[in-house]
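The values are calculated or read from the model by the stated rules, or taken from the named source; none is laboratory data. Since the structure is predicted, the reported quantities are computational estimates derived from the model, not experimental observations. Because the Cβ atoms are built from the backbone with ideal geometry, glycine has one as well, and the counts that use them run over all protein chains shown.
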């Protein structure tokens, strides 16, 4: 089958999704004309506006086609006309359903509907690339998986247990059944259609985004998972997934375009993964690269690599498509480079913030009076708790008591004000010596001052010294007075 090269027109479904946007971008950068299938005019307009900002002038090569419901018969009849190739990424991505049919039916019907429309109305179509998933490849058995493997375990679970099946199997079964249905339809009609079929199975997809979300909570799909697992979760019981086959989103997009251009890609499945890893591997990479000094990078001993490894081989993609996969350092650095200008990393890139967190930890383990910590509670701000430590020595510090159990449950603090405080100001505020600050030491007078809600100033320090000088002198003189009395008493008796 002839390859599809620029400036051919390519239809992309699910074009406003995380992977879909990158595919559209790569096609535009490569000189293709792109028809995007979206569910509403607003989403189409937003996509055109996005690429007008990211690739000025290239938005003129985008054409919008409305497909409001992908499960309706003949939904794609108009969209497939006049295009040379189709990349189908549209599919539900959720586990939060009670009935597996709510995910499986749209996935299967959407894929079959597109292929049927292409068979009947896509007279110019030469190749169709369907985005599947490694969830359609992997099962529970630890081994190295290749393209000949299928996830029949998830399908069997859904068929046997229905609504009582494991929730994570619902999405897995939807991708497996949708891809199998696509291959069956193609094989039954291969001699009748003008196009051939290629499927791609991406792993867990991470990397930069094309759009500019206003907060981390607005990140798309797997990138929201990345934020939560990389920056927030430190409890092994809440790590999800425990291990994974990761791939950079840009490699996924590149592979889709390569699948259009290379003749031998027709009629093939391609696993799209970079390497097997855990979340601790990502944190270790940040530690090795000296990134995010104030981020808790976990304890590798608590997050061992699972012994049951389900590694997906990417050798076929390397050999036929020539794909060169990115690895941890490049993906992580590019993600952080995108997060930094948005102000999302301020808390994690401050050395002073690291000092403050260590001080909080010491206070938590210290005597009960030290738990009257000088902090001012703020809102949740997306974290379990958030707090500011006041370090300005020129004004009194307000004191509120945070219960010890609350400190124990606190996983993150917003240290933005402290991050803007110089180490010298921090030392003045804490009244510690430089050596104590470097070692996260606590000055006894500082604890006493904190407990009694007095400002950290030299004046107050002198007040403390004056106030307690007499009492301290008396206390330390008591043994000497007692000894003198005994000696005097003994001398008198003699």
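Is the range 300-310 home to any residue that is modelled with pLDDT of 90 or more and either closer than 25 Å to residue 133 by Cβ or surrounded by 21 or more Cβ atoms within 10 Å (Cβ to Cβ) (or both)? There is at least one residue in the range 300-310 that is modelled with pLDDT of 90 or more and either closer than 25 Å to residue 133 by Cβ or surrounded by 21 or more Cβ atoms within 10 Å (Cβ to Cβ) (or both).
Within the range 32-43, being buried (at least 18 other Cβ atoms within 10 Å of the Cβ), under 19 Å from residue 110 (Cα atoms) and more than 26 Å from the chain's Cα centre (by Cα) holds for 35, 36, 37. Checked across the range 121-138, the condition of being closer than 22 Å to residue 4 by Cα, in a helix (DSSP H, G or I) and either touching a residue at least 12 places away in the same chain (Cβ under 8 Å) or not assigned by TED's automatic domain parsing to the domain that holds residue 203 (or both) holds for at least one residue. Residue selection: residue 153 satisfies the criterion of being without any contact (Cβ under 8 Å) to a residue 40 or more places away in the chain and at negative phi. Number of residues in the range 131-183 that are crowded, with 20+ Cβ neighbours inside 10 Å and in contact with a strand residue (DSSP E or B) (Cβ under 7 Å, 6 or more places away or on another chain) equals 10. Answer yes or no: is there a residue in the range 335-342 that is on the phi < 0 side of the Ramachandran plot and touching a strand residue (DSSP E or B) at 6+ places or on another chain (Cβ under 9 Å). Within the range 335-342 (the criterion being on the phi < 0 side of the Ramachandran plot and touching a strand residue (DSSP E or B) at 6+ places or on another chain (Cβ under 9 Å)), the answer is yes, since at least one residue qualifies. Residues in the range 275-287 that are surrounded by fewer than 18 Cβ atoms within 10 Å (Cβ to Cβ) and either touching a strand residue (DSSP E or B) at 6+ places or on another chain (Cβ under 6 Å) or free of Cβ contacts under 8 Å to residues at least 12 places away in the same chain (or both): 287 alone. Being within 14 Å of residue 79 (Cβ to Cβ) and either assigned by TED's automatic domain parsing to the domain that holds residue 219 or within 26 Å of the chain's Cα centre (by Cα) (or both) is the requirement here; does residue 57 meet it? No: the conditions fail for residue 57. Note on the range 276-318: among residues that are part of a strand (DSSP E or B) and closer than 18 Å to residue 225 by Cα, the one that is farthest from the chain's Cα centre (by Cα) is 276.
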